[in-house]
Amino acid sequence: MSSSLQAYIFALLLSLSSLGFGAESEGLKNLEHAQHLELAQPKGSKSLLKFGVIADMQFYDPLKYGNKAVKGKASDRRSRHYLKTPDRLREAIGKFKKHHTAFAFNLGDLIDRGFESYDIPLEIMEESDLEWHHVLGNHEYSVEDEEKPLVLGRLGMPAPYYQFVAESANMRFVVLNANEYSTLAFPKDTERYEESKALKKMFKAKYKKSGADDPWCVPEGISGALGASQLEFLRGALEEAELLNQQVLIMSHQPADWIWDYHALMDTVRPFRKNIIAFMSGHLHTGDEDILEGIPSISLKAMFESPENAFTIGKVYANRLELHEYGRQKFEGKKSLTLYFSPNVSSATQHP
Ligand SMILES: [Zn+2]
């Protein structure tokens with residue numbers, strides 16, 4: 001184990017023991033009580049930025065693997081329609097282009113398994129002429145060990161985690177990699193695999209010992225840790241956003257409270273809460289809306305699961321982000337979800 005990882009584990013142990021456990025989490029019905037929403041502002045009509053989002057396409061050809069085309073009863077809400085996803089992606093792209101979105105996000109798990117499964121979704125995305133930003137999911141690594149180091153390049157990603165600013169809305173997008181330490185993402189004979197295994201074991205023991213009642217923080221193979229370097233990157237991004245009065249959307253495949261070092265993540269974001277609109281993720285398939293220490297955490301529904309498609313368009317206005325559902329994407333029964341910016345930040349994002 002490297003000395004930097006040892007130092008990180010030591011710092012985590014301190015943070016875990018001083019903080020206690022149990023994420024502050026409530027349902028969407030309490031969203032209006034969140035710090036962001038206390039001072040809702042009047043609605044304006046002109047959006048400054050639009051972007052598309054898909055989550056959990058999980059494409060693969062089950063017939064090639066000796067499986068059925070649909071997993072489960074086709075009409076069931078939780079049925080899995082692997083072969084319908086190329087058409088569902090095309091439908092989402094059609095809607096994104098109709099709305100002139102500036103770019104689109106793939107929130108991860110683009111494939112279910114098999115490196116060759118990347119071919120079809122990536123070809124459709126390339127042909128769309130849209131600017132795509134990818135987020136790494138756990139299923140990205142359901143490939144042979146020797147193919148795992150090739151995933152980042154296959155997706156054409158600049159780095160496992162990165163950020164960019166959409167100038168038209170003075171808004172910062174921070175993309176995290178919740179598989180930075182993961183027992184799935186690295187070949188078994190590598191140092192990083194051993195480090196990930198050690199971290200998972202350490203977190204499992206700590207969470208168990210503390211009697212944590214938050215079920216999502218229990219370390220599982222399908223999630224992972226961010227690690228010290230990535231948290232430093234996040235802190236730097238948030239410091240810059242604060243300085244420039246920017247609103248920030250933090251994207252990751254796994255929801256924030258699924259990430260092994262969730263408490264270290266919250267330590268990092270807590271001082272910048274007024275600048276953070278929300279965490280946005282996929283991974284849960286059925287969707288979820290939560291509040292984590294005053295920050296909304298929105299998990300979008302999976303494109304491949306259920307007889308209906310699911311994707312979202314985000315519209316950014318001077319004082320708010322509106323998330324609009326398509327297909328079965330519903331935010332607790334409503335067609336859209338509005339997240340208002342913290343007032344002392346939105347004044348800097350008022351464009352004439
Ligand atoms: Zn996932």
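What follows draws every value from the coordinates through simple rules; no lab data is involved. This structure is a prediction, so every number in the text was calculated from the model and none was measured. Ideal geometry is used to build each Cβ from the backbone, glycine not excepted, and the neighbour counts take in all protein chains shown.
Kirkwood-type hydrodynamic radius, segment 78-230: 17.4 Å, calculated from all non-identical alpha-carbon pairs. Give the lysines reachable from residue 98 as a straight Cα distance under 24 Å; neighbours fewer than 8 places away on the same chain don't count. Output for residue 98: 43, 46, 50, 84, 301, 315, 330, 334, 335. Based on alpha-carbon centroids, what's the gap between segment 47-88 and segment 303-337 in Å, whole number please? Taking the Cα centre of each part, segment 47-88 and segment 303-337 sit 17 Å apart. The length gained by stretching the chain between residue 201 and residue 67 to full extension, at 0.36 nm per residue less their Cα-Cα distance, is 44.9 nm. Semi-axes of the equivalent ellipsoid of segment 141-209 are 28, 20, 7 Å, computed as sqrt(5λ) over the eigenvalues of the C-alpha gyration tensor in descending order. From most to least packed by mean Cβ count within 10 Å, the peptides 45-53, 145-153 give 45-53, 145-153.
Relative to the current alpha-carbon distance between residue 45 and residue 164, full extension at 0.36 nm per residue lengthens the span by 40.3 nm.
Converting the Cα gyration tensor eigenvalues of segment 94-160 into ellipsoid dimensions via √(5λ) gives semi-axes, longest first, of 23, 12, 10 Å.
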